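The values are calculated or read from the model by the stated rules, or taken from the named source; none is laboratory data. Every value quoted in this text rests on a predicted model; they were computed, and no experiment measured them. Don't worry about glycine lacking a Cβ; one is built from the backbone with ideal geometry, like all the others, and counts go over all protein chains shown. The protein model used for the area step is the full one, side chains on, heavy atoms only, and it has no ligands, DNA or RNA in it. Shrake-Rupley method; radii C 1.70, N 1.55, O 1.52, S 1.80 Å.
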Amino acid sequence: MQQAMIQFWEGLPLIVQINLKIMAILTPLMLAVAYTTFAERKIIGYMQVRVGPNRVGPRGWLQPIADALKLLTKEVVIPTNANRYLFLIAPVLAIAPALAAWAVVPFDDGMVLADINAGLLFLLALTSMGVYGIIIAGWASNSRYALLGSMRSAAQIISYEIAMGFALVGVIMAAGSLNVGEIVMAQQGSVYHWFLLPLFPLFLVYFISGVAETNRAPFDVAEGESEIVAGFHVEYSGMAFAVFFLAEYANMILISALTALLFLGGWLSPFEGILPESAFAIPVLGWLLDSGIHWFLIKTAFFLFLFLWFRATFPRYRYDHIMRLGWKVLIPVTIVWLFVAGVAVAIGVGPWFA
Amino acid sequence: MTFEAFLFYFFSVVLVGSAVAVITVRNPVHAALFLVLAFVATAAHWIMLEAEFLGILLVLVYVGAVMVLFLFVVMMLDINMSRIREGFMKLLPVGIVVAVGMMVVMAMVVGAQVFQVEPPVPASADYSNTEALGQLLYTEYVYPFEIAAVILLVAIIAAIVLTLRKRPDTRYLDPAKQIQIRREDRVRMVKMESEKK
């Protein structure tokens, strides 16, 4: 049976194989995005001593599907004098990089769509392209509010990209590779081998920049309900708006996954090297304790939860404070820590830089 | 036609088309966006030449940062196209002379022997463009590389100094001072007996 299935898979044309793999990544991702919106409303609800959505389906579980249906049936209003093509292409430009970046994300050892050498650079390049969706949306809407909102969020995204890139340089120095899979394998050993410990300041900078990059609270001045109407997507409605929404959540999941991969050893188990080998031989429990895709998902889910937690607890930053944090706090921190990492590499501080 | 040839021609058409569009479209924002498209198509060409580091860097630096700032400026400026086109007929003869001159120079260069190269041979599977570039930059070209870095640093500092000015009439709050405020500086707890009626 297994043999027949492998034979059937290999008999498929290459293009069909690749497309099936892409579907296997994107379908769970889209479901995860839909249910992240649900989780957000539920979690923030409980944090604010409310119940959250509980009407549609059992305990509100069908809420995201109802939302999607509602948005799909709504009209996409195109403002007068808006640039029609750019107006409609902007949401696509926002979501495409967020989805394409998953091509180089490894879920388990070897479980990756494109195992390319310069994987981390590819990720950086794609995340930097997401800003076009925002700028074009703001400009093509032919609305002052949208333009102002897009300027704010685009300036913020570019500023935090620098800190993010510098934080990644530290990871590259420690791992000695640009390939995401090899970066994870460089953290093999035990919990102490993870880059979280030697690169802790860079980890903080990376995650804070990630929150700012995705325009999430407390850095969500692009939305800023109390200051500007809604930012760059104020003129969008129906599915065009929903695509922006999806892009934001897809980016959140991507940043969480990358933090897990680069600093917390991705699919590696935290019990590795601590429990004796015999523990991993126990039938079901051993599989759970051993490294695998479930650890990657747990770590990603944890960081995703942090995004929601931040939104429920932190007050919004003022715009000049955001810029100050990015340029005057995070970038100097990364530069100092890159120097420290450089010294550590030079003298070979084990087990990370040896 | 192989798949690679198809990709090559596809991206070439996109590149040439968008490059022409950059100088022919009327709207400056559209022109900037076409330039972005041209950069992306060029990056695709470089990646097909197995120079993936350069290709991705082109997207990262030019598409992700430089052109975004370009777009900012172009969007914020209120460019009056009719005033720019005013001297068009007057400058046309000069423009034609310059264009023809450039065409001749280009034809001489592209037609020369230097550019009649063999198609590149595919590198072996373990070849890493990033590693090869790093080896070259940090060994053979380490001094030019560092000098270039210092020049860029000087440029950064110069740009910051040029734009750094304090306007006395703005009511500016220093965020660094603001976040150092503590509760004790601002709030005074007063304990009072409630008044008797």
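Within the stretch B:1-30, the residues that satisfy the criterion of being under 18 Å from A:Leu86 (Cα atoms), in contact (Cβ under 8 Å) with a residue 40 or more places away in the chain and in a helix (DSSP H, G or I) are B:Pro28, B:Val29. I'm trying to understand the selection: among the residues of the stretch A:273-290, which are under 17 Å from A:Gly189 (Cα atoms), open to solvent by 60 Å² or more (accessible area, probe 1.4 Å) and in a helix (DSSP H, G or I)? Scanning the stretch A:273-290 gives A:Glu277, A:Ser278. Within the stretch B:31-51, the residues that satisfy the criterion of being open to solvent by less than 50 Å² (accessible area, probe 1.4 Å) and farther than 19 Å from A:Leu121 by Cα are B:Ala31, B:Ala32, B:Leu33, B:Ala38.
Considering only the stretch A:146-154, I want to know if a residue exists there that is more than 14 Å from B:Val68 (Cα to Cα) and away from chain B (no Cβ under 12 Å). Yes, because at least one residue in the stretch A:146-154 is more than 14 Å from B:Val68 (Cα to Cα) and away from chain B (no Cβ under 12 Å).
The criterion of being part of a helix (DSSP H, G or I) and open to solvent by 40 Å² or more (accessible area, probe 1.4 Å) holds for A:Leu246.
Yes/no per residue for (1) away from chain A (no Cβ under 14 Å); (2) surrounded by 10 or more Cβ atoms within 10 Å (Cβ to Cβ); (3) out of contact with any Ser or Thr (no Cβ under 8 Å at 6 or more places or on another chain):
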| residue | (1), (2), (3) |
| --- | --- |
| B:Tyr127 | no, yes, yes |
| B:Tyr143 | yes, no, yes |
| B:Ala155 | yes, yes, yes |
| B:Leu164 | no, no, yes |
| B:Pro168 | yes, no, yes |
| B:Gln178 | no, yes, yes |
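Residues that are assigned to a loop (DSSP other than H, G, I, E, B) and without any contact (Cβ under 8 Å) to a residue 60 or more places away in the chain: does the stretch A:84-105 have at least one? Checked against the condition, which is being assigned to a loop (DSSP other than H, G, I, E, B) and without any contact (Cβ under 8 Å) to a residue 60 or more places away in the chain, the stretch A:84-105 yields no hits at all.
Candidates in the stretch A:106-136 are the residues that are within 17 Å of A:Leu246 (Cα to Cα) and either part of a loop (DSSP other than H, G, I, E, B) or among the small types (Gly, Ala, Ser) (or both); of these, the one that is nearest to the other protein chains (Cβ to nearest Cβ) is A:Gly130.
Could you tell me whether any residue of the stretch A:179-187 is more than 14 Å from every other protein chain (Cβ to nearest Cβ), touching a residue at least 40 places away in the same chain (Cβ under 8 Å) and more than 19 Å from B:Thr130 (Cβ to Cβ)? Taking every residue of the stretch A:179-187 in turn, at least one turns out to be more than 14 Å from every other protein chain (Cβ to nearest Cβ), touching a residue at least 40 places away in the same chain (Cβ under 8 Å) and more than 19 Å from B:Thr130 (Cβ to Cβ).
The condition of being under 30 Å from A:Gln17 (Cα atoms), not assigned by the TED database to the domain that holds A:Met164 and not hydroxyl-bearing (Ser, Thr, Tyr) holds for only one of A:Ala118, A:Ala101, A:Ala68, A:Ala125, that being A:Ala68.
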